[in-house]
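Student: Once you've had a glance at the structure underneath, I'll fire off some questions.
The values are calculated or read from the model by the stated rules, or taken from the named source; none is laboratory data. What you are looking at is a predicted structure, and each value in this text was computed from that prediction instead of being measured. Cβ placement follows ideal geometry from the backbone for every residue including glycine, while neighbour counts extend to all protein chains displayed. Keep in mind that these areas ignore ligands, DNA and RNA; they rest on the heavy atoms of the full protein, side chains included. Shrake-Rupley method; radii C 1.70, N 1.55, O 1.52, S 1.80 Å.
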Amino acid sequence: AAGYKKKMVCDKCGFKARYSAQTLVYHMDGDLNNTALKNLKTVCRNCEVDLTKSDSVWRHGDLQPDV
C-alpha cells in the first residue's frame, strides 16, 4: 500500500540478488508502522545479520510486495 517495491540490489552494501528471497525490506527508524518511502530500504540477507548483531535501529518489516 505504501508503493515501495523491493529492489534486487541491497541499499546498504550494493549486493545484486539473483532471487527475490535474498533481499528484505527494512524500516530505517525501527517503526514498523512508518511506511513512508524514505524510511524503507532493501537489505540483503548478509546485511540483515550485520544489522541484527549491531546496535542499529533498523528493523525488518512484514511488508508484502504491491501487485
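Student: What does a probe at Lys38 reach in the range 1-26, counting residues whose amide N is under 13 Å from the point 7 Å along Cα→Cβ?
Tutor: No residue passes the distance filter.
Student: Given the protein chains as shown and a 1.4 Å probe, how many square angstrom of Leu40 are accessible, to the nearest 10?
Tutor: Answer for Leu40: close to 0 Å² accessible.
Student: Run the helix sum for the chain: -39,500 (n - 2.57) per DSSP H stretch of 4+ residues, divided by residue count, reported at 222 nm to the nearest 500 deg cm²/dmol.
Tutor: Using -39500 (n - 2.57) per qualifying helix, the result is -4000 deg cm²/dmol.
Student: Could you pull the Cα extents of the chain along its three principal axes, largest to smallest, in whole Å?
Tutor: 29, 27, 16
Student: Now a separate question. Under 12 Å from the Cβ of Met28, count the other residues' Cβ atoms, weight Lys and Arg +1, Asp and Glu -1, and hand me the total.
Tutor: Local charge sum for Met28: +1.
Student: Right, next: Within 14 Å, Cβ to Cβ, of Ser56, how many net charges do the neighbouring residues add up to if Lys/Arg are +1 and Asp/Glu are -1?
Tutor: Net local charge, Ser56 excluded: -2.
Student: So how strong a dipole does the chain carry about its Cα centre when Lys and Arg Cβ are +1 and Asp and Glu Cβ are -1, to the nearest 20 debye?
Tutor: Around 360 debye, computed over the chain.
Student: Further question on the same structure: When only C-alpha pairs under 8 Å and at least 6 residues apart count, what is the relative contact order of the chain, in percent?
Tutor: In percent, rounded to a whole number, it is 39.
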